[in-house]
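A short write-up of the structure that comes next.
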Amino acid sequence: MKQFFLSFLSFAFLFSLKAQTPNRATADIISTGTGPLTIQPLVHASLVLSTSGLTIYADPTGGAANYAGIKSPDLILITDIHGDHFDVKTISAVRTASTTLVVPKAVADLLPDSLKGKVVVLNNGDKTTLSGISITALPMYNLPENPKAMHTKGRGNGYVLGIGGKNLYLSGDTQGIPEMRSLKDIDIAFVCMNLPYTMDINEAADAVLAFKPKIVYPYHYRGTGGLSDVEGFRKLVEAGNKNIEVRLRNWYPSK
């Protein structure tokens, strides 16, 4: 009877852990010059990069539960002011006293005093190096340019990160802008595609074929009409350039 009771407690504990662990896509591992880079897709525009003891959160949202079992961030990158990228409650829950936030000025202006301790503000075109990671801020905006657009040029940032000799591009909310199309030597790209906020799969595929990343992840692909046809995006890219690897991952897991 005692053995049965202990077994029951063990099962209940494991079931509880499983219930508390988010249903997330399997992480990918990329080799770099400074060791393996782990890429953990989370939800929509949120992902985690881990390398050489360093953990980077990009656009953390959805509350602390989304990050259960993941090391606290050394760096947090925020691309824009909208709630699917800039979530004060989640940032406050996951950051530590040593976490550095990398943000555009529009986000910095909205930070509460409790989050202003360690902040690096980057404007489009600015560059910095933090913990051995080079970070370049790029424009992200809608076309045609319009002061009333949902994403205006200069407000938000896409980012190119240099990690162990690999270049990673995070598009943020953007269309297939000239600054994206002219990128060079990108190893891994995360490219948005959701109407009416950014672009459709045809524009996204055309931009990707222009800058030729080695690997591209469609992300941020839920719009007002539901999820974009990322399989259609993959077919468009592969038809244009079979050397570009399109990685489809589930960025919208069920709870």
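Considering each of LEU143, LEU111 in turn, give the residue that is surrounded by fewer than 20 Cβ atoms within 10 Å (Cβ to Cβ) and over 18 Å from GLU203 (Cα atoms). If you could, list the steps in order and put the result at the bottom.
Details: LEU143 fails: over 18 Å from GLU203 (Cα atoms).
Exactly one of LEU143, LEU111 is surrounded by fewer than 20 Cβ atoms within 10 Å (Cβ to Cβ) and over 18 Å from GLU203 (Cα atoms), namely LEU111.
Modelled with pLDDT under 95, surrounded by 14 or more Cβ atoms within 10 Å (Cβ to Cβ) and in a loop (DSSP other than H, G, I, E, B), is that true of PRO22?
Details: modelled with pLDDT under 95: yes; surrounded by 14 or more Cβ atoms within 10 Å (Cβ to Cβ): yes; in a loop (DSSP other than H, G, I, E, B): yes.
Against the criterion (modelled with pLDDT under 95, surrounded by 14 or more Cβ atoms within 10 Å (Cβ to Cβ) and in a loop (DSSP other than H, G, I, E, B)), PRO22 qualifies.
Out of curiosity, is VAL160 buried (at least 16 other Cβ atoms within 10 Å of the Cβ) and outside any strand (DSSP E or B)? Spell out how you get there, then give the answer.
Numbers: buried (at least 16 other Cβ atoms within 10 Å of the Cβ): yes; outside any strand (DSSP E or B): no.
Considered against the rule, which asks whether it is buried (at least 16 other Cβ atoms within 10 Å of the Cβ) and outside any strand (DSSP E or B), VAL160 comes out as no.
Quick grid of which residues meet (1) assigned to a loop (DSSP other than H, G, I, E, B); (2) closer than 19 Å to GLY83 by Cβ:
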| site | (1), (2) |
| --- | --- |
| ASN167 | no, no |
| GLY176 | yes, no |
| LEU195 | yes, yes |
| ALA205 | no, no |
Quick check on SER134: is it part of a strand (DSSP E or B), in contact with a Lys or Arg (Cβ under 8 Å, 6 or more places away or on another chain) and among the polar types (S, T, N, Q)?
yes
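Just name the residue that is nearest to TYR252 (Cα to Cα) out of those in segment 70-85 that are in contact with a helix residue (DSSP H, G or I) (Cβ under 9 Å, 6 or more places away or on another chain) and in a loop (DSSP other than H, G, I, E, B).
Of all residues in segment 70-85, those in contact with a helix residue (DSSP H, G or I) (Cβ under 9 Å, 6 or more places away or on another chain) come to 70, 72-73, 76, 78-81, 85.
Cutting the leftovers down to in a loop (DSSP other than H, G, I, E, B) gives us 70, 72-73, 78-81, 85.
Numbers: ILE70: 18, SER72: 22, PRO73: 22, ILE78: 20, THR79: 20, ASP80: 20, ILE81: 21, HIS85: 15 Å.
Checked segment 70-85; the qualifying residue nearest to TYR252 (Cα to Cα) is HIS85.
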Among (1) without any contact (Cβ under 8 Å) to a residue 24 or more places away in the chain; (2) surrounded by fewer than 18 Cβ atoms within 10 Å (Cβ to Cβ), SER46 falls short only on (2)
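Among the candidates LEU183, LEU110, LEU161, single out the residue that is hydrophobic (A, V, I, L, M, F, W, C) and out of contact with any helix residue (DSSP H, G or I) (no Cβ under 9 Å at 6 or more places or on another chain). Outline the logic, then answer.
Numbers: LEU183 fails: out of contact with any helix residue (DSSP H, G or I) (no Cβ under 9 Å at 6 or more places or on another chain); LEU110 fails: out of contact with any helix residue (DSSP H, G or I) (no Cβ under 9 Å at 6 or more places or on another chain).
Selected residue: LEU161, the only one of LEU183, LEU110, LEU161 that is hydrophobic (A, V, I, L, M, F, W, C) and out of contact with any helix residue (DSSP H, G or I) (no Cβ under 9 Å at 6 or more places or on another chain).
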Picking from GLY223, GLY240, GLY172, which residue would you name as being under 18 Å from the mean Cα position of the chain (by Cα) and surrounded by fewer than 23 Cβ atoms within 10 Å (Cβ to Cβ)?
GLY223
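The values are calculated or read from the model by the stated rules, or taken from the named source; none is laboratory data. Computed from a predicted model, the values in this text were never measured in an experiment. Positions of Cβ are backbone-derived with ideal geometry, glycine not excepted, and every protein chain shown enters the neighbour counts.
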